[in-house]
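The values are calculated or read from the model by the stated rules, or taken from the named source; none is laboratory data. Worth saying up front: this structure is predicted, and the values here are computed from it rather than measured. We place every Cβ from the backbone using ideal geometry, glycine too, and count neighbours over all the protein chains shown.
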Amino acid sequence: MPKILITGRGGCGKSTLVTLLTRSLNKRGNVLVLDADESNLGICNMLGLQPPEMTLMGVLGGRSKIKVKLLSSPDEEKRVFVDNLTIDKLPEECLGGRWPVRYLRIGKIERSLEGCACPMGAVARTLLKELTVGPDEWVLIDTEAGVEHFGRGVPQGVDRVIIVVDPSQEALLLAIKARKLCADLNKDYKVVINKADAAAAAYLRQELAARGMAVAVTIPFLNKIQQANMLGEALTANMGGNEVEALVKMLEE
Ligand SMILES: Nc1ncnc2c1ncn2[C@@H]1O[C@H](COP(=O)(O)OP(=O)(O)OP(=O)(O)O)[C@@H](O)[C@H]1O
Ligand SMILES: [Mg+2]
């Protein structure tokens, strides 16, 4: 089953969609949520679980070791993980939650002047390239806002990309760019409109269609999602409505 990366502009609903998809997919098998956003912290609340003791960066020896192992020579990429990596071989101390939903945090910026997020990108890229996913397993990758993860090659090891578009010009521009970046990597993509009322959704569909981009599903703006987020409460199953289930069916095809 696939590794699916969710991309889009800041605040469009990437982490929300990862959580809603998780709620739907965990009825079908195990879901690993891979948090590849080096800044934001809210997805654990959305998922209703505690962050793990350690980040994967921490387990691998921290920023300086990663720089030596992963950023000095691409040939050395394989040395950081065990051979034939599967999700049951991931280090327990950097996994939150319990199956069928577990959460892995690549790394977060913790200190001023600690450096850029390139080491996090290198870890995410290598992990996704090496991780083999079984027939009843899903990996959902939550990314930072924008397209830097494409620049770092994080989507190289994924099967599919979901581009989230909210009602904004920036989201449209980024969606068009993300389609091109997916093509560079030969990755299939699906477009999800989020937080749109009927009029906004119609406009976005038309603008995307004019560029040959079809929309898979549209999730409306739902007060209960915004409210839960503000309060730091977990999102529950079916909170995104039938559209999320419809998206899951499309992803299963
Ligand atoms: N369908 C929706 N209806 C109402 N509010 C929503 C919906 N989807 C997302 N939101 C709200 O929009 C805000 C941003 O959502 P979220 O954090 O998922 O976006 P993001 O793309 O992950 O942001 P970032 O780029 O900062 O990581 C949150 O307050 C969230 O509750
Ligand atoms: Mg997010």
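Remarks
- Considering the stretch 26-55, and only residues there that are in a helix (DSSP H, G or I) and in contact with a helix residue (DSSP H, G or I) (Cβ under 6 Å, 6 or more places away or on another chain), the residue that is nearest to ligand 2 (Cβ to nearest atom) turns out to be Ile43.
- Residues considered: Val164, Val154. Of these, the only one that is over 20 Å from Leu47 (Cβ atoms), within 15 Å of ligand 1 (Cβ to nearest atom) and hydrophobic (A, V, I, L, M, F, W, C) is Val154.
- Residue match in the stretch 94-107 (condition: of a type outside the set (A, V, I, L, M), surrounded by fewer than 17 Cβ atoms within 10 Å (Cβ to Cβ) and either more than 16 Å from ligand 2 (Cβ to nearest atom) or more than 20 Å from Leu128 (Cα to Cα) (or both)): yes
- Candidate set from the stretch 7-40 (those that are within 20 Å of Pro135 (Cα to Cα) and of a type in the set (S, T, N, Q)); member that is nearest to ligand 1 (Cβ to nearest atom): Thr22
- Single condition Gly97 does not satisfy, out of (1) within 22 Å of Ala237 (Cβ to Cβ); (2) within 15 Å of ligand 1 (Cβ to nearest atom); (3) not polar (S, T, N, Q): (2)
- Odd one out for Asn194, checked against (1) under 17 Å from Thr19 (Cβ atoms); (2) more than 11 Å from ligand 1 (Cβ to nearest atom); (3) in contact with a Cys (Cβ under 8 Å, 6 or more places away or on another chain): (2)
- Annotation: of all residues in the stretch 114-144 being assigned to a loop (DSSP other than H, G, I, E, B), away from ligand 1 (no atom under 16 Å from the Cβ) and in contact (Cβ under 8 Å) with a residue 24 or more places away in the chain, the one that is surrounded by the most Cβ atoms within 10 Å (Cβ to Cβ) is Leu131.
- For the stretch 2-37, the set of residues classified as at pLDDT below 95 and closer than 17 Å to Pro155 by Cβ consists of Pro2 only.
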